[in-house]
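The values are calculated or read from the model by the stated rules, or taken from the named source; none is laboratory data. Here the structure is a predicted model, which means the values were calculated and not measured. Methodologically, a virtual Cβ is constructed for each residue, glycine included, from the backbone with ideal geometry; neighbour enumeration extends over all protein chains shown.
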Amino acid sequence: MLKRRDLLRAGAAIPAVAAAGSLAGGDARKKNKHKKKKNKGKGRDYSGMNVLLFITDQQRATMYFPDGWEEQNLPGMTRLKNNGLSFNRAFCASCMCSPSRATLFTGYFPAQHGVKYTLEENMSPPANPQSELPLNLPNLATVMQAAGYSMPYKGKWHLSKKTEADWVPNDVNRYGFERWNPPDAGANQDIDQFGGGDPDNDGRFINDN
């Protein structure tokens, strides 16, 4: 049986992970097949290795396009897949954002972690209980921190609600992450406020020199 400790050690060797949509490729597994045989029983030094996890919304494996389309039109995604790891047997635990992210971060199903509905700013609790990610559940940040990693988090969070009048870094940092820059995105779905008030919420990171 695979232990969480062994999984953590294996994950520390991943230089980049393209998640949530790049599930189609198995190239990384094929490329590393001979390495597994070579290193079998010797053990590896994972110290100093970084893990970069990309989380995207509403993305799936590329389908219904001609061969070579992805390489020609998605060079960034192609580079990540060629130099990272693709999960070709993964699945999404929920079609809704908050439950799916909570499962990704904790390893629990929505019925277990309690985040069963997308968190919204104006949603009737009786119809859609606004359950946030519990602080007492181990998550990706707390597990990696225990292994000695620092855990910066950038971009959309959408797993809890703001604790003050406006979003503050501690809204996310209290879950074990670091250096989060508000505001959050996803909870306000009014057209004029799409993306938490900024339709290009993540552009501030992409264009930041």
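Numbers at a glance
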quantity: Candidate set from segment 92-113 (those that are in a loop (DSSP other than H, G, I, E, B) and surrounded by fewer than 16 Cβ atoms within 10 Å (Cβ to Cβ)); member that is modelled with the highest pLDDT; calculated: 109
quantity: Residue in segment 54-75 that is nearest to residue 88 (Cα to Cα), counting only those that are of a type in the set (S, T, N, Q) and in a loop (DSSP other than H, G, I, E, B); calculated: 62
quantity: From 190, 202, 184, 171, residue being at pLDDT below 65 and either within 22 Å of residue 117 (Cα to Cα) or more than 15 Å from the chain's Cα centre (by Cα) (or both); calculated: 190
quantity: Selection count, segment 158-179, where residues are in contact (Cβ under 8 Å) with a residue 40 or more places away in the chain and either crowded, with 20+ Cβ neighbours inside 10 Å or not in a loop (DSSP other than H, G, I, E, B) (or both); calculated: 4
quantity: Within segment 56-71, tally of residues that are at pLDDT 90 or above and either under 24 Å from residue 120 (Cβ atoms) or touching a Ser or Thr at 6+ places or on another chain (Cβ under 9 Å) (or both); calculated: 3
quantity: Residue under evaluation residue 128, criteria (1) closer than 19 Å to residue 55 by Cα; (2) in a loop (DSSP other than H, G, I, E, B), criterion not met; calculated: (1)
quantity: Test: residue in segment 95-116 that is more than 19 Å from residue 54 (Cα to Cα) and touching a Lys or Arg at 6+ places or on another chain (Cβ under 9 Å); calculated: yes
